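Written below as structure tokens is the structure these notes are about.
The values are calculated or read from the model by the stated rules, or taken from the named source; none is laboratory data. Since this is a predicted model, take the numbers as computed values, not measurements. Because the Cβ atoms are built from the backbone with ideal geometry, glycine has one as well, and the counts that use them run over all protein chains shown. What goes into the accessible areas is simple: the full protein's heavy atoms, side chains included, and nothing from ligands, DNA or RNA. Shrake-Rupley method; radii C 1.70, N 1.55, O 1.52, S 1.80 Å.
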Amino acid sequence: MLKLFNTLSRKKEEFQPLSDVVGIYTCGPSVYQYAHIGNFRTFVFEDVLVRYLRFRGFRVKRVMNLTDVEDKAIATARKEGKTLQELTEYYSRIFFEDMEKLNLLPADVFPRATEHVPEIIGIIKKIVDNGYAYRGKDGTVYYDVSRFNRWGELSHLKLVPGKKKIKRDEWGEDSAIISDFALWKSYEKEDGNVFWETELGKGRPGWHIECSAMCTKHLGTRFDIHVGGVDNIFPHHETVMAQNFGAFGENPSKYWLHTRHLMIDGRKMSKSMGNFYTLHDLLEKGYRPMVIKYLLLSMSYRRRLNFTFHGLEEAGENLEKIHCAIERIKRAKGVDDVEKIAMKALKKFEKVMNDNLDTGKALKIMEELSDAVIGMEPDKGSSRKILETFRTMDSILGLSLFKPF
RNA sequence: GGCGGCGUACCCAAGUGGCUAAGGGAGAGGUCUGCAAAACCUUUAUGCAGCGGUUCAAAUCCGCUCGCCGCCUCCA
């Protein structure tokens, strides 16, 4: 039985789907700059989640949004003298290329925030009608956090009531204060030509409402799994829950999964600190995409992973070993009946994957199988079985083991 | 200050109450070799941040202390 750690309960829970199609929503990239490999740690994990669910026989619908309108994107476009669309199109294209390089399956839907303004308006109106939002003096529509008594349930934060209003995607000094956040931001000069004329007035969507609108449109008001990095727990996912409660009276997702950060020099790899590598950076240094992916998978997603070049080298060696083992087995003409080893390995593999998708241990099991196999002369039947096992594991981890290394 | 995570050898790391604490990497010694590399062999924690407690038994459970990190309105 598959168990997943649910941030909401802070417990591992048995995965029981709501219906015959498992709905998964993942917060995708903000497409105003290159995604870094810390971002990809999350996307790689999500890919394995989807692949594993399919392996277990579930039908899955995965939705991954592209945040293509927000403060930073607007500011960046302005600075670079581009339109918002030119900027986000460019980075979206790069993102899709990176996904392909890392052998990540495309989501079933890649909704863009700018293409969902009518849905966004619709959901804001519901929230207003239900009494969970109000209009500020300048026309900005704010979510009234004081009306939502389950605020803080996901992040487990005890927040202090306050009167602050947050209009832009700002970050301030007043921490631990409950603030009302913008659902619809009225037009400001620095928005330039980024605005929509709507029945809520001239303006643009708030950052948080985009996800509520898109997940609801593509997966309904209640779906199975919502995934993202831990830094999204608060405020982003907390607000998504609040918004969906305001509009539809329920928490949109049964399970909330959060990946821990990729660290560098003991610190979180982040855009704002500038201590990151993009996929492109590492490819340029000569590292192969699958080696990078191997490193990203080498630790359970619930644990922090410290990025080092030494670790990357080791990942490369381990991956090479597995490739060698597969090549050897392909040509094996021995007489040993060693089918059992393959079956045992697969069993162990499933066991660790069932335990909250521990890809780090799963990789170790693959390495052990490779080590075992390298010293053997398996017969034809065993060879076929071993190759099948590797193929199955590869279909879940997506490491392109059967392509030239 | 609140919530959470982590601390096992020089480095990474497994370990989830019970045989002498996995495995890699690096280092040291060796086999082989004209030398080197590769490969292979040997070796490296009376001890798991510290202190106290529970127990027949603790790296593992409990309490306290120290240190590092994450979140507490940019962020995967």
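Listing for the model above:
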{"item": "Under 15 Å from A:Lys61, Cα to Cα: aspartates and glutamates that are on another chain or at least 8 residues apart", "result": "A:Asp20, A:Glu46, A:Asp47, A:Asp108, A:Asp224"}
{"item": "Three-way shape label, the stretch A:308-397, alpha-carbon gyration tensor, a/c 1.5", "result": "oblate"}
{"item": "Cut-off under 5 Å, modelled amide H: who pairs with A:Asn306 long-range", "result": "A:Met263"}
{"item": "Where chain A is the region considered: accessible area per residue in Å², 1.4 Å probe", "result": "45"}
{"item": "The stretch A:22-28 - phi-based ³J(HN,Hα) in whole Hz, Karplus 6.51/-1.76/1.60, Gly and Pro as x", "result": "7, x, 10, 10, 10, 6, x"}
{"item": "³J(HN,Hα) computed for each position of the stretch A:259-276 - Karplus, 6.51 cos²θ - 1.76 cosθ + 1.60, integer Hz, glycine/proline x", "result": "8, 7, 7, 8, 9, 9, 6, x, 10, 4, 7, 8, 4, 5, 8, x, 9, 10"}
{"item": "Nonlocal amide H pairs with A:Lys82, under 5 Å, H built at 1.01 Å", "result": "none"}
{"item": "Out-of-range pairs (alpha-carbon distance over 27 Å; input A:Lys126/A:Lys165; A:Lys268/A:Lys344; A:Lys82/A:Lys189; A:Lys185/A:Lys268)", "result": "A:Lys268/A:Lys344; A:Lys185/A:Lys268"}
{"item": "Relative contact order of the stretch A:177-264, pairs being alpha-carbon contacts under 8 Å that are 6 or more residues apart, as %", "result": "26"}
{"item": "Per-residue SASA entry for A:Thr216, accessible area with 1.4 Å probe, Å² rounded to 10", "result": "20"}
{"item": "Chain A: most fluctuating residue of A:Glu70, A:Glu199, A:Glu13 per GNM, C-alpha cutoff 10 Å", "result": "A:Glu199"}
{"item": "Protein-only accessible surface order, largest first, of A:Met343, A:Met376 at 1.4 Å", "result": "A:Met343, A:Met376"}
{"item": "For the stretch A:233-301 and the stretch A:6-81, distance of Cα centres in Å", "result": "9"}
{"item": "Sequence-separation-based contact order of the stretch A:308-397, relative, with Cα cut under 8 Å and 6+ spacing, percent", "result": "44"}
{"item": "Chain A - percent relative contact order, Cα under 8 Å, separation 6 or more", "result": "18"}
{"item": "R0 of 25 Å, Cβ-Cβ distance A:Asp138-A:Glu80: FRET efficiency to nearest 0.05", "result": "0.35"}
{"item": "Sequence-distant lysines (8 or more away, or on other chains) whose Cα lies within less than 21 Å of A:Lys158", "result": "A:Lys11"}
{"item": "Solvent-accessible surface (1.4 angstrom probe) belonging to A:Ile166, in square angstrom, nearest 10", "result": "40"}
{"item": "Rounded to 5, percent antiparallel among DSSP beta bridges of chain A", "result": "40"}
{"item": "Prolate/oblate/rounded label for the stretch A:36-153 (Cα gyration tensor, a/c 1.5)", "result": "oblate"}
{"item": "Rounded percent of accessible protein surface that carbon and sulfur make up, chain A, 1.4 Å probe", "result": "49"}
{"item": "A:Thr198 accessible area, 1.4 Å probe, all protein chains in place, Å² to nearest 10", "result": "40"}
{"item": "For chain A, built as a Gaussian network whose Cα springs stay under 10 Å, the top-fluctuating residue of A:Val227, A:Val291, A:Val338", "result": "A:Val338"}
{"item": "Chain A: DSSP helices with Cα axial extent of at least 20 Å and average Kyte-Doolittle hydropathy no lower than -0.5", "result": "A:37-55, A:309-330, A:339-354, A:359-374, A:380-397"}
{"item": "Tensor-based shape of the stretch A:201-268 (alpha-carbon gyration tensor, a/c under 1.5 rounded, otherwise prolate or oblate)", "result": "oblate"}
